[in-house]
Amino acid sequence: MSFSDLGLNPKLLQAVEDVGYTTPTPIQEQAIPYVLMGRDVMGCAQTGTGKTASFTLPMIEMLSSGRARARMPRSLILTPTRELAHQISENFENYGKYSKLSKALLIGGSSFAEQTKLLERGVDVLIATPGRLLDLFERGKIMLVDTKLLVIDEADRMLDMGFIPDVEKIVSLLPPLRQTLFFSATMAPEIRKLSDKFLSNPKEISVTKQASTAETVEQTIIKIDGGPKEKREALRQIMASEGEIQSAILFCNRKKDVDILNKSLNVHGFSAAALHGDMVQSSRMETLSDFKEGKVKLLVCSDVAARGLDIPAVSHVFNFDVPVNPEDYVHRIGRTGRAGREGKAFTIATIEDYKGLRNVLTTINSGIPVVSLEGFDSWTDEEAASLKGRRRRRPTKVTAKSSDAKETKPSRRRKKSDDVAEDVSSEATATTAVDSGADEKRSAKKPVRATRRKTRPTAVIGEREPSSEPSNPTSSFGDHTPAFILREAKVA
Ligand code: AMP
């Protein structure tokens, strides 16, 4: 099938050709004709599947006739994060370059005055995060009675971020006779309930199995025993074994740790920058564009800040922390292996992550090779299970104050505005100052391995760990090992 079979107008086809797409992706092939028919659509699709174009293309087609009135947008796209809003906006710019559509971006961190001015002029497409949209509504700057096309993007993330009450409020302000397109990477029961509420006789389209991880991503879990300092050392060793990394995204669970890791990487001579919700919007955008242009090679992120980032050439994702929310694993690794490219995803897991790791593996419903790292202590499932809630900490100065124990705060809280909506899972915990650059400088002077204790021998490449972990093979690899993939295994 080609784009011309989808019923798009010649201007749009030209714009698609200019971008370089030759064939529609499965979600585009399935969704576009139904959207053009005016049907509600419920799309279960991960980022990286081309889902954004599956709604932006037909929207441009449908909105090309008609005119917007002041303060009454004709269509609304709700998205959980500012970065995603920007990306959707870029999509409209690319595909809509031969169509004269007006659009406005209502996101936190930008001036109200400018957004209000745009609304006054009338917009065809309004791309908004829920908090900012409601703020403007409450100030009387916007009316939604003429908004006959609604897109809810990344619904599962909206749920995680506690945005659903806002979304429900917004939907209640829209005319009941409208077209609604609802996208989510996962279709958990709560999401299904929401779609039942918002959609009318939708065409259901699913392009991946539930919470499946991109097939183009080679995933590995690295088990190490230790705290943040050992994790950073391990990370550097893993990165060294991967050669010259040109573009990688590194995830931490908390904003504070994003800053610490970023600082540490810079101290160690890496080209890294941080991206999280405490940064002002202008520096977030600047960092993102430096990363996209290759001026910065490693982007250290929180989940929310990185949500939906579309940077096709990201070769690696490193999970410095196992995500608290297992669905985030899917989103994180979806930053690589995009648009058919190959990618690699490494997850560093300490014994405290045992439960989190099990949740991830249950969610993605497939095994990931689990390995240990040469020179680092590892741990077994049996050891983790026998902890029974007791925390086992190495007696190192750096980890003593570590706030790992606080990491598992659920991320369901809702804050007033999108300006502060990010990283809800972590904002309440930023009280301890752990090791920072100074400590890193000290450790940088020493050879990494000289500082380590060994409690038991590490298994060699290709060998199973001599423990009773039959379903969880663990191997080690050295700096010169190009790959350390063993057989696939599930953590019980
Ligand atoms: P998305 O899932 O919308 O985030 O899109 C993922 C990536 O796929 C983006 O880099 C898009 O530019 C790209 N993309 C979207 N549609 C196509 C297509 N039909 N052919 C090739 N790449 C595409």
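General remarks:
- The residue list ARG284, ARG335, ARG341 contains one member that is among the basic types (Lys, Arg) and away from the ligand (no atom under 16 Å from the Cβ), which is ARG284.
- Looking across region 20-44, not a single residue is within 13 Å of the ligand (Cβ to nearest atom), surrounded by fewer than 23 Cβ atoms within 10 Å (Cβ to Cβ) and farther than 25 Å from THR336 by Cα.
- Checked against the criteria, VAL300 counts as assigned by TED's automatic domain parsing to the domain that holds ASP259, away from the ligand (no atom under 11 Å from the Cβ) and free of Cβ contacts under 8 Å to residues at least 60 places away in the same chain.
- Qualifying position, being modelled with pLDDT of 90 or more, of a type in the set (A, V, I, L, M), within 28 Å of LEU159 (Cα to Cα) and in contact with a strand residue (DSSP E or B) (Cβ under 6 Å, 6 or more places away or on another chain), among ILE60, ILE107, ILE77, ILE32: ILE77
- Scanning region 219-255 for residues that are open to solvent by 10 Å² or more (accessible area, probe 1.4 Å), within 17 Å of the chain's Cα centre (by Cα) and among the charged types (D, E, K, R) turns up just one, LYS255.
- Meets criteria (open to solvent by 10 Å² or more (accessible area, probe 1.4 Å), at negative phi, in a helix (DSSP H, G or I) and away from the ligand (no atom under 13 Å from the Cβ)) for GLN14: yes
- Identity of the residue in region 45-62, outside any helix (DSSP H, G or I) and open to solvent by 10 Å² or more (accessible area, probe 1.4 Å), that ends up farthest from the ligand (Cβ to nearest atom): GLN46
Quick grid of which residues meet (1) modelled with pLDDT under 95; (2) of a type in the set (Val, Ile, Thr); (3) closer than 27 Å to ALA185 by Cβ:
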residue: VAL123; (1), (2), (3): no, yes, no
residue: ILE127; (1), (2), (3): no, yes, yes
residue: LYS148; (1), (2), (3): no, no, yes
residue: ILE152; (1), (2), (3): no, yes, yes
residue: ASP156; (1), (2), (3): yes, no, yes
residue: MET161; (1), (2), (3): yes, no, yes
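For every residue, the table says whether it meets (1) in the same structural domain as ASP156 (by TED's automatic domain parsing); (2) touching a helix residue (DSSP H, G or I) at 6+ places or on another chain (Cβ under 8 Å); (3) in contact (Cβ under 8 Å) with a residue 24 or more places away in the chain; (4) within 22 Å of THR79 (Cα to Cα).
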{"position": "ALA188", "(1), (2), (3), (4)": "yes, yes, yes, yes"}
{"position": "GLY226", "(1), (2), (3), (4)": "no, yes, yes, no"}
{"position": "GLU244", "(1), (2), (3), (4)": "no, no, no, no"}
{"position": "ARG254", "(1), (2), (3), (4)": "no, yes, yes, yes"}
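The values are calculated or read from the model by the stated rules, or taken from the named source; none is laboratory data. Computed from a predicted model, the values in this text were never measured in an experiment. Note: ideal-geometry Cβ built from the backbone for every residue, glycine included; neighbour counts use all protein chains shown. Accessible surface areas use protein heavy atoms only, side chains included; no ligands, DNA or RNA. Shrake-Rupley method; radii C 1.70, N 1.55, O 1.52, S 1.80 Å.
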